[in-house]
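Trainee: Quick one: structure below, then a few questions.
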Amino acid sequence: MDILLLIILLGITFGTGSIIEKNHFKKIRKREIALIKKPIVNFGIKKWDSSRKVKSTKLVSGEVVISGDYFKNFVAALKNFFGGRLTTFESILDRGRREAILRMRESAKDANIIVNARIETMMINDTYTGESVPQCAIIAYGTAITYE
Amino acid sequence: MILTNIESVPGMKIKAQFGLVSGSTVRAKNAIKDIGAGLKNMVGGELKSYTELLTEARKEAVDRMQEQAQKMGANAVINVRFATSSVTAGAAEVYAYGTAVQVEKIEG
């Protein structure tokens, strides 16, 4: 009975998780194409065009909290035993970071360049109990510069 | 108040330095929303209520840092960094810190 419940739960969460992930990736790609070079983002580089006059400087950020699903967690727990890449968790982190960066860029649409962008990641759930599904909080931030 | 996370303010020069300013906040969401997030956790995807929590926390930490800088008589904070930590499940600390400075526009 317990095994049946587990299989049903895994089936449902596999379905929902993959649908949500697919849609999310589709949206991210669309937004990334729409935002291309608007503004340019420099990760860790602190240079801008100093020959042009600067109109305004602003700290911009984007944040997101993303979670895995029950199925992903189950697969990861199995994989953990054998070692190797945990592809199910990689996709969660990838989605989260790209989403955070996109939100940062969207909040600075009028700026010419974002310099020294940084990404901060943390796990906000109780990581000591191995059962829980990972939740990642991601903050992306940088300095948006607008030229005159 | 101008905030940057680089060592200077573009187009301005630093007149005076006041040293480190920081602000931190620990936020927790109410139990009902925690249950909602718990369900969302099973199916996967973004946890909107937690994202809101994180945004609020970040804003508050920055506000506190700015308050401190204003008391010192600064008009900008440079090299702002965010550090985060999880205190317990469902609660998050956001810590913002930077150097308070006074800047003025470069003439010409």
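Trainee: So what J values fall out for the range B:91-96 if you push phi through Karplus, 6.51 cos²θ - 1.76 cosθ + 1.60 with θ = phi - 60°, rounded to Hz, Gly and Pro as x?
Mentor: Using θ = phi - 60°, the values come out as 10, 9, 9, 10, 10, 10 Hz.
Trainee: Given A:Ile138, A:Val65, A:Ile113, which one lies farthest toward the positive end of the charge dipole of the protein assembly as shown, if we put +1 on the Cβ of every Lys and Arg and -1 on the Cβ of every Asp and Glu?
Mentor: Of A:Ile138, A:Val65, A:Ile113, it is A:Ile113.
Trainee: Kindly state, to the nearest 0.05, the FRET efficiency for B:Glu107 paired with B:Ser24, given R0 = 51 Å and r defined as their beta-carbon distance. Let's see the in-between values first.
Mentor: Working: r = 38 Å, r/R0 = 0.74.
With a Förster radius of 51 Å, E is 0.85.
Trainee: Explain nothing, just the number: dipole magnitude of the protein assembly as shown about its Cα centre with +1 on each Lys and Arg Cβ and -1 on each Asp and Glu Cβ, in debye rounded to the nearest 20.
Mentor: 1000
Trainee: Could you work out the mean projected area of the convex hull around the alpha carbons of the range A:6-69, in square nanometres to one decimal? List each step's numbers first, then the result.
Mentor: On the way: hull surface 26.4 nm².
In nm², the orientation-averaged hull projection of the range A:6-69 is 6.6.
Trainee: While we're looking at this one, here's another question. Just checking the output field for A:63-73: average partner chain Cβ neighbours within 10 Å of each residue's Cβ? Walk me through the numbers before you get to the answer.
Mentor: Numbers: counts 11, 7, 12, 6, 11, 4, 6, 4, 3, 1, 3.
Partner-chain Cβ atoms within 10 Å, mean over residues of A:63-73: 6.
Trainee: Would you list which aspartates and glutamates come within 16 Å of A:Lys55, measuring only between C-alpha atoms, while excluding same-chain residues fewer than 8 positions from it?
Mentor: Within the straight-line cut-off, A:Lys55 pairs with A:Asp110, A:Glu148, B:Glu104, B:Glu107.
Trainee: How high is the relative contact order of chain A, in percent, with contacts defined as C-alpha pairs under 8 Å that are six or more residues apart? List each step's numbers first, then the result.
Mentor: Numbers: 234 pairs, mean separation 52.5, N = 148.
So the answer I get is 35 percent.
Trainee: Which pairs break 27 Å Cα to Cα here: A:Lys46/B:Lys13; A:Lys30/A:Lys53; A:Lys22/B:Lys48?
Mentor: On the way: A:Lys46/B:Lys13 16 Å; A:Lys30/A:Lys53 33 Å; A:Lys22/B:Lys48 18 Å.
Exceeds cut-off: A:Lys30/A:Lys53.
Trainee: I would also like to ask the following. Mind listing P(r) for the protein assembly as shown? All alpha-carbon pairs, 10 Å bins, whole percents.
Mentor: 7, 27, 30, 20, 10, 4, 1, 0
Trainee: Give the order of A:Leu59, B:Leu54, A:Leu4 when sorted by the count of other beta carbons within 10 angstrom, beginning with the fewest.
Mentor: Details: A:Leu59 20, B:Leu54 24, A:Leu4 8.
Exposure proxy ranking, most exposed first: A:Leu4, A:Leu59, B:Leu54.
Trainee: Below 8 Å between Cα atoms, with a sequence gap of 6+, how large is the relative contact order for chain B in percent? Please report the intermediate quantities before stating the final value.
Mentor: Details: 196 pairs, mean separation 50.2, N = 108.
For chain B, the relative contact order is 47 percent.
Trainee: Are there GluC sites (Glu not before Pro) in the range B:15-108 that DSSP marks as loop and that have at most 13 other Cβ atoms within 10 Å, and which are they?
Mentor: Values: sites: B:Glu46, B:Glu52, B:Glu56, B:Glu60, B:Glu67, B:Glu93, B:Glu104, B:Glu107; in loops: B:Glu107.
Of the GluC sites (Glu not before Pro), the ones in loops of the range B:15-108 whose Cβ has at most 13 other Cβ atoms within 10 Å are B:Glu107.
Trainee: Given a Förster distance of 45 angstrom, what is the FRET efficiency for B:Asp63 paired with A:Ser18, based on the Cβ-Cβ distance and rounded to 0.05? The partial results should precede the final answer.
Mentor: Working: r = 40 Å, r/R0 = 0.89.
So, using R0 = 45 Å, E works out to roughly 0.65.
Trainee: State the extension gain, in nm to one decimal, for the chain segment bounded by A:Leu4 and A:Leu93, taking 0.36 nm per residue of separation less the distance between their alpha-carbons. Before the final figure, lay out each step's value.
Mentor: On the way: separation 89, 0.36 × 89 = 32.04 nm, distance 3.05 nm.
Extending this stretch completely gives an extra 29.0 nm.
Trainee: Just tell me how shielded B:52-63 is by partners: mean number of partner chain Cβ atoms within 10 Å of each residue's Cβ, no decimals. Walk me through the intermediate numbers first.
Mentor: Values: counts 2, 4, 9, 7, 0, 3, 5, 1, 0, 0, 3, 0.
Across B:52-63, the average partner-chain Cβ count within 10 Å equals 3.
Trainee: Continuing with this model, one more query. Just need log10 I(q)/I(0) for the range A:2-147 at q = 0.13, 0.21 Å⁻¹, Debye formula, equal scatterers on the alpha-carbon atoms, no solvent, rounded to two decimals.
Mentor: -0.68, -1.24
Trainee: Which percent of Cα-Cα pairs in the range B:26-108 sits in each 10 Å bin, short to long?
Mentor: 16, 36, 24, 15, 7, 2
Trainee: Over all distinct Cα pairs, what is the inverse of the mean 1/r for the range B:1-71, reported as the Kirkwood hydrodynamic radius in Å?
Mentor: Result for the range B:1-71, one decimal place: 15.1 Å.
Every read-out reported here was derived from the displayed coordinates using simple, explicitly stated rules and does not represent laboratory data. All values reported here derive from a predicted model rather than from experimental measurement. Ideal geometry is used to build each Cβ from the backbone, glycine not excepted, and the neighbour counts take in all protein chains shown.
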